[in-house]
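Encoded as structure tokens, the structure appears first; notes follow it.
Laboratory data are not the source of any read-out in this text; all were calculated from the coordinates shown. Not measured: the values here are computed from a predicted model. Neighbour counts run over all protein chains shown; Cβ positions are idealised from the backbone, glycine included.
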Amino acid sequence: MTLELSDLVRQVVGWASGPEQIEAFAAHSRDAEVEVYQGGIETLSTAESDGVGIRVVLPGDDGARQGFAYTGDLSQEALRATLIEARDNASFATPDPFVGLAEPDGVAPATLDLYRDSVATFPTADKIAMALELERLVRAGDSRIKSLRTASYGDGLLEVALASTAGIEASYRRTGCSVFAIAIASDGDETQTGFGYSVGRAADELDVETAAAMAVLRSTRMLGATKPASRRTTVVFDPYVTATLLAILGGTLNGESVLKGRSLFADRVGEQVAVPGFNLIDDPLDTEAYGATPFDAEGLATRRIPLIAGGVLGGFVHNSTSARRAGGSTRSTGSAVRAGFKSTPGVGCRALTVVPGSLSPEAVLAAVGDGVLVQSISGVHSGVNPVSGDFSVGAEGLAITGGSLGAPLREFTVASSIQRMLLEITAIGNDVSWLPGGSAGLTLAISGMSLSGA
Amino acid sequence: MPVATDALPALIETDVLERVLGACLRTGGDFAEVFAEDRVNNSVLFDDGRVEELSSGRERGAGVRVISGDTTGFAHTADISERGLLAAAEAAAAAASKGDGGVRTIALKHRSVIAPHLVLKPGSGVAKADKVALAKRADEVARGRSGSIKQVTVGYGDSRRRILVANSDGVLAGDEQVRTRFVVQTVATGDTGMQTGFHSAGKTIGWEMFDEEEYDIEVIAQRAADRALTKLKARPAPSGKLTIVLNRGAGGTMFHEACGHGLEADLVMKETSVFRGRVGQRVAAPGVTIVDDGSYPREWGTSAIDDEGHPTQRNVLIEDGVLTDYMWDFRHARKEGHGQSGNGRRQSYECLPIVRMTNTYLLAGTDDPANILSSTESGVYCAKLGGGQVDTATGDFVFGMVEAYLIENGEITEPLRDANLIGNGPEVLMAIDAIGNDFATGIGTCGKDGQGVPVSDGNPTLRVQGITVGGTAT
């Protein structure tokens, strides 16, 4: 990079003319990935990418109009052309009194330790060695592991800077590292796969042995799986699956969806939407969370947001536009998110977690007695409707009999509705763990689910 | 109409490519490739009754790949000057190094390609005001269907993607891919809560897409609105094993998941496909023929060449129920001594090419669609499916029903709420017992290893015995 990102965004903002408002968001990332296969390197990729997204807001009597354009080319000519394109795009928007940039709100950003210098200098040979060690451990973990679909090490550095004519200036950087494996277990003609992983901010925070053991367990314990009979039963979701459920729930608590009539929780603030023991928080200040960040995608400080407390819906997450649209005392919760430099700020949760219960995972199984443990789900994007609340997903897992794990089960679905599931939570585990994604996981038991199988 | 074209995107000079490829092999690699891409995207978002946003973007860059034995080195850069490309070449070559490779001279030979069809009016040349007007009209039409339609989102998008591929085997090929997409999403509110509707259209052509009757904006908007309205009266989907009748064009996703992914050579060779070692064997009921055809004119998954510079082609995967071949990219074809099939695709220059589907079709049979329905005593009629997902190792797959009805005594009766279906690929292919003489296609974005590429699916009216419906009604 020839120019520091924060200088670059400040420069673009300086090109504002007349009454127009400008926000520039720049991201620089550097990623490396090693994949190994059967003791050799299969692929080794290095990637470096930069980009700038420019938002232009044209004020007017009936409201403001917003336009957006982005470029992967940071040359002066490309940046100027992108600004002109964003301006032109703004001229076609419908004036909207709520559209605009975030205004500084006085909330001080937290100092979060998300960056490890060691990632930039970690030798490629060591990355390869970690991936090979992961593959070796998975193969050695069980005689039924015949091979792996993949064993990999990956790391990345992300640097972000944002500036606007409203006086916002923000920047941060963070690192992330992971190892990931998919084991293939075979017995006769049957094949089952299972993944394992470990994540951290730097390589020394990774636990290769745990990742390997996870892949071995999740693949081998599915061997011999059969299709269960259809029935209504209690389902225990393992932490990885619970994290996916929380991400869906987070989507329904998005202030923009609520205001646009696309959330099943609209008009339900203050109501008992879940069992009294259920507490949901979005906490991007928790440095353990993969999604932790000091600033949101509009440059406001992030904050800890209680969403459901004692089962009662407390409120929604907002960016500055959705907060203005909501009116009254609603303010941005520092929840503007972007997919990258190619998109405008939307609204979303970053680090959802459930306040853990008192039961160990084993105690949850014992409390449930008879039911099904679900270790993975599929078809979430096709079978869960966050507007109607209809919930139906493909699943695999293990029978729970007499309070402990039994035979493996596959090719079945579990169904209910998001509304009912929150009110039928029967046990919350104490095993909270952060996962790669926007939410944490723990063991969660939900009764009254329809299992469809044979 | 296929058209031969000699035009090569002017992204990188041929002599620069030759020097960069030579540099790639200096550390002993067996094969080197430069993939350059220049992409322009434009979109209009009409939401909540307003033109919410117009967005435009441009990205340009190159990915450099070096293969040495079974090892692939890859690096990409947004700097496509000779200096930038040489730096990427050095990074990719370092990863796939066997020592000193000496000096190799690469002589590129421009391969003219056959464009599957002509593009008349690329979206990048259409006035923004016209795009906005189109989105606004769709909003009006959808809302006009009923006062119960409370929310409408309309998305218009166009892209122009120019690619250039050069490799150490001397291949030099280029392509320009123009795509147009239109999506309408609706929310309807009634006594039973809220329901959603969705309809989309996409073609690898320009603005002329909207001149076709099937892609008329009003038709797309009406379908999206009616899907949500119908479901307001829907009852919960049943739970358990049932007979399914799939509408033409509704169920391509099912075969994309049920067998498409399992026929990708990379998954087959890593022993994670239930179809491994089954070429020449019966894997589907008689009459079932599945093709993947990246050269099919105008379809969403169509291109002249794949992202490794190989011409796309019609590949027969299953013929009359017998497995004939898998889909291949360069790397796996070379390893197995098999020909490439034009299925090496990538999301962008930032990604390595992998084996992907293009347009995957289960071809029409001979049965009268009306008879298929009337001869079905009871079951579920799927008018439209949503997305799906498969575990290729077991063949178990799911897909969502977004418009479905009960079949009672050979007739379509009550609408059903959304639910997933779950089945096993090999079992479902054998359980097809009726194939209609009609056919239609649908579009989607297929995700694999974190990369999304445009694909289309197609099928005639079909009946499948015994798929598990994941509803809540008993």
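Assorted remarks:
- Cα centroids of segment B:227-246 and segment B:154-206: 28 Å apart.
- Cα gyration tensor category, rounded, prolate or oblate, for chain B with a/c compared to 1.5: oblate
- This model, with +1 at the C-beta of Lys and Arg and -1 at the C-beta of Asp and Glu, gives segment A:70-208 a dipole about its Cα centre of some 320 debye.
- Under 5 Å, built H, 5+ apart or other chain: amide partners of B:Ala473: B:Ala237, B:Ser239
- B:Glu264 long-range amide H proximity, modeled H, under 5 Å: B:Met327
- What you get for the protein assembly as shown, charging only the Cβ of Lys and Arg (+1) and of Asp and Glu (-1), is a dipole of about 860 debye around the Cα centre.
- Dipole magnitude (debye, nearest 20) for chain B, charges at Cβ of Lys, Arg, Asp, Glu: 620 debye
- Dividing the mean sequence gap of close Cα pairs (under 8 Å, 6+ apart) by how many residues chain A holds gives a relative contact order of 15 percent.
- Relative contact order (percent, whole number), chain B, Cα cutoff 8 Å, 6+ residue spacing: 16 percent
- For segment A:198-238 versus segment A:379-454, the gap between their alpha-carbon centres in whole angstrom: 14 Å
- Here the relative contact order of segment B:1-141, from alpha carbon pairs under 8 Å that lie six or more residues apart, stands at 33 percent.
- Taking every residue in A:189-195 and counting other chain Cβ atoms within 10 Å of its Cβ, the average works out to 3.
- Positive-pole candidate from A:Ala81, A:Val337, A:Ala225, dipole of chain A, charges at beta carbon: A:Ala225
- Think of chain B as having a plus end and a minus end, set by charges on the Cβ of Lys, Arg, Asp and Glu; of B:Gly123, B:Gly387, B:Ile412, B:Gly123 sits farthest toward the positive end of this dipole.
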